[in-house]
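Report on the structure given below.
Read-outs throughout are calculated quantities, based only on the coordinates presented, and are distinct from any laboratory measurement. This structure is a prediction, so every number in the text was calculated from the model and none was measured. Glycine gets a Cβ as well: all are built from the backbone with ideal geometry, and neighbour counts include every protein chain shown.
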Amino acid sequence: GLYANRYFNYRFYDVSPQEEGMSEKAAENRKMAENYGIQPVEIRMFEKDELKFKKAYMGLVMIQGDIIEQIPAITTTDGLEYKLTTTIEKLNNKISTLVSLPEKVTVRLIMSSAVKKIGPVIGIDEISQIPDQIKAAVEKLNATNYGRLTYDYEDPDTDEKIDAALKKYNIRVLQWPDIAEQNIPAGRGAIGLSVEYGDEKAYVQLLNVMRIPIFGTRYELIDMASLEEIINEHVETLIGINQDIGYLADHGALELGGPAMMMQPQNNDALRNFQTLVNENYSLKPIRLKEDPIPESLGCLIIAQPTEPFTDYELFQIDQALMRGTNLAIFTDAFNEIPPPPQHGFSFNMGPTYKPLDTGLEDLLAHYGVKVKPSFVLDKNSFRQTLPAQAGGGERPIYFAPLIKNENIANDLDFLKNIKGLIALNISPVAVDSEILKKNGITAHELISSSDEAWEMTGQINLNPMFIEPPQEKDKFKTYPLAYLLEGKFSSYFTGKDIPVKETENPDESATDMETPDEPKIKESNLPDIDAGETFISTGKPGKICLIGSSAILKDNLLDEEGRSPNAAFLLNLIDSLNGREDIAAMRSKTQEFNPLEKTTATTKEAIKWFNILGLPVIVVLLGLFTYWRRRVRRKNIQQLFEK
């Protein structure tokens, strides 16, 4: 408020819970809070030596024009500056996007009229009210979205229409037999909600089906109170209110889940948490190099564990994107993990095999002066797994999950300040070529590294913790860089080479298909000599490449859902840095609470122990003698005064 002058103002409303009285003003404020979507939260209070539980309104609403954003509960001041700043930024982006939309967003209800009749039979009497409720929700949302939403109701009343809707939308189809008691004939019905903008769609399952053993099947409607929020979130995702980030979506890269997959069961290999956290401030845009080129306006491209080879033309697209100023964030393993074949009978499980990756991306990165070495980094300073009592109890070190200490993190970079510990998994060392970097004037920042008690596993890879032992030779241990950030003006990989062209699978067939009998054929000898080659940039604008030797850092088993862990802060800050938002990254770093104690040596521990055993008593004795001496001196001085 101090810096925004007249552009920012705030007001506090005292909202008392219903249990503490119902004055006219309190009732008015409470109703206003509920209209904004602010609900009371339960808090604990010490009052007259008693612990009491009370409900309190602690939410915040930010309004700009017709747009409203809520922070439902502010239970701590930690990270409040970051929340307010990103919310204001989101408001600005949403207004700009909504005002410039060329067409409206359609909220389409697909619901067969027959489903209304079957509702009371499955225990959902209010199912017939769904069309009116959704229409009312859209009208209410239109008031805060500049009227850019439109409501449509589709009633598939025949099997053909139901099958067509099922093919087009991700909806639920119910089928029932004759129900004589209610005079309901056998039939089918569809129910679902689709939010559409252009060619993009997001789906909402309105009816949940739960099959409970013994009790049978139970049907449950979505919470209609939260429907407005769900629709609003899908609208924001579809219209892209945030800055776009490219994400490589082919070549065997790690897959992102679509809107319809967000309610699937938890999978440790999924990127659900990563996708959710990034989508708070950005819009992940799938990039399929096999189909389309990389957009020139893209600020950053994320490449996560590609396993299929790149053609020269696809590498050319990545290279030229970097030359245009698109920053690259590459998370790649050195190996492709191949699962073991299915086991039969009592055969011994040999575990997965690891094949070194050779996609062509390795050569491209090596030209820029950085590469991932074909090995795994194991570290004595690693995550320790607690074993169950059946396995003997205790802890077992997981050497391939190294703990990155504070002294091994580049805290001199603003976006890594206050990040004092990380955990990695299946990570490979990253090396830079100093000659290439010096030749091109590239600056390399070592982001993270292992401890000095790390070693490499090369050749035959076996990551079974039971068979991993640290080497006996001390010279095998050293520190390994695990991630680098390169910045500067890179030279193109294709300088001095023939510019590759996009190849079609069957060029002859394509040409034949394009010919029609009515079109006269043009002889190649009559064609003018026109050069239509690709635009080529040999030395690019200032750009950045971040290379991390592991894709596991993106997965759900290393990222928390709220984004408060050091791993989540590291990733989000890195992405902010690559998108020119270092100030936001520095602000997020302030919220970090992980502050580990520095490790002390055995000698230091021994010295502290003996100091506490012997030193403290000696100090107490010396202080006592000093006090006794001071008293004697004082007594003597007083005695001399009276003797005079």
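So here's what we get for this one:
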quantity: Near-label residues of segment 130-145 by backbone N, under 13 Å of a point 7 Å along Cα→Cβ of residue 66; calculated: 139-145
quantity: Extension gain from residue 473 to residue 25, taking 0.36 nm per residue of separation minus the Cα-Cα distance; calculated: 153.6 nm
quantity: Fully extended contour minus Cα-Cα distance, from residue 288 to residue 39, at 0.36 nm per residue; calculated: 85.3 nm
quantity: Cα gyration tensor, segment 30-185 - rounded (a/c under 1.5), prolate or oblate; calculated: oblate
quantity: For segment 349-483: rounded, prolate or oblate by the Cα gyration tensor [a/c cutoff 1.5]; calculated: oblate
quantity: Alpha-carbon centroid distance for the pair segment 265-336 / segment 21-79, whole angstrom; calculated: 41
quantity: Distance from segment 530-583 to segment 109-178 (C-alpha centre basis), Å; calculated: 41
quantity: Within the chain, helix-based [θ] at 222 nm, where runs of 4 or more DSSP H residues each add -39,500 (n - 2.57), nearest 500; calculated: -8500 deg cm²/dmol
quantity: Volume in Å³ per residue [convex hull over Cα atoms, computed for the chain]; calculated: 368
quantity: Fully extended contour minus Cα-Cα distance, from residue 297 to residue 46, at 0.36 nm per residue; calculated: 84.8 nm
quantity: Most to least packed among 480-486, 462-468 [average Cβ atoms within 10 Å]; calculated: 480-486, 462-468
quantity: Label-point gap, in nm, between residue 9 and residue 620 - each point 7 angstrom along Cα→Cβ; calculated: 6.5
quantity: Cα gyration tensor shape for segment 5-99, rounded if a/c is under 1.5, else prolate or oblate; calculated: prolate
quantity: FRET efficiency estimate (nearest 0.05) - Cβ-Cβ, residue 155 to residue 411, R0 51 angstrom; calculated: 0.25
quantity: Using a Förster distance of 51 Å, the FRET efficiency for residue 220-residue 536 (Cβ separation, nearest 0.05); calculated: 0.30
quantity: Residues residue 184 and residue 140, FRET efficiency given R0 of 25 Å [Cβ-Cβ distance, rounded to 0.05]; calculated: 0.15
quantity: Virtual spin-label span in nm between residue 88 and residue 366, 7 Å along Cα→Cβ; calculated: 5.0
